[in-house]
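Remarks on the structure that follows.
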Amino acid sequence: MLGYRVELTKDDNDTLLVTCPQLPMVVTYGETREDALRHAVDAIETAIASMIDDGEEIPIPSADDAKDGASVPLPLLTALKLQLYWSLREVGITRAELARRLGWHRESVDRLFRLDHHSRVDQLEAAFGALGKTVEVKLQNEAA
C-alpha cells in the first residue's frame, strides 16, 4: 500500500484538522475521523497532481511513517501514476523521450501523469516497460 501519514488534531470547532508532514501544503478537515481521512485523500491527490504538473520532487512515503500515526492509502491508479512519475525521474528522461520510446503522441504520455485521467492499465504497463520496469500486483488482507 502506498500512502502518506497524516496527523489528526482536534480543532476548536469540533472538527478534526488534517495535516501531512511530508506534504506541508496538505491541510484539510473533517467532522469525524472517517470524514477527515476521506478529505485527506482528496487533499493529498490535489497536492501530488500540482507537484507533478510543476515537475517538483515528490517525497516517497516510508514504511516507518505509516507506523507513526494514521496512514492514508492512495487509490491504486494514483499510486501507479506516482510510481511512474518517480520512475521517469529515476531514469532521467523527459516525457517527450518516453513518448518517442513508446511511439505515442506526447499528449497520450502526458495523460499518464494526470491524476484526473483514467488511464488504462495496459498503457501504464507499457510506459513502465519503456523505462525498464515491470508492475507487480500484491493482494493483502485488510487489517482488522
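Computed on the chain, with alpha-carbon pairs under 8 angstrom and 6+ residues apart, the relative contact order is 20 percent. Peptides 114-121, 78-85 ordered by packing proxy, namely the average of other Cβ atoms within 10 Å per residue, highest first: 78-85, 114-121. Using only Cα atoms, find the angle between the long axis of helix 76-91 and the longest principal axis of the chain, and express it within 0 to 90 degrees, rounded to the nearest 10. Rounded to the nearest ten degrees, it is 60. Maximal additional length on extending the Gln140-Asp116 stretch stands at 6.0 nm, based on 0.36 nm per residue less the C-alpha distance. Between 0 and 90 degrees, the angle of helix 121-130 with respect to the longest Cα principal axis of the chain falls at about 60 degrees. Calculated from the structure, Cα Rg over 2.2 N^0.38 Å equals which of [x] 1.14; [y] 1.38; [z] 1.33? Calculated Cα Rg over 2.2 N^0.38 Å: the matching label is [x].
Computed from the C-beta positions of Arg101 and Leu2 and an R0 of 22 Å, the FRET efficiency is 0.35 to the nearest 0.05.
Every read-out reported here was derived from the displayed coordinates using simple, explicitly stated rules and does not represent laboratory data. It should be emphasised that the depicted structure is a prediction, and the values quoted were computed from it without experimental measurement. No Cβ is skipped: glycine too gets one built from the backbone with ideal geometry, and neighbour counts run over all protein chains shown.
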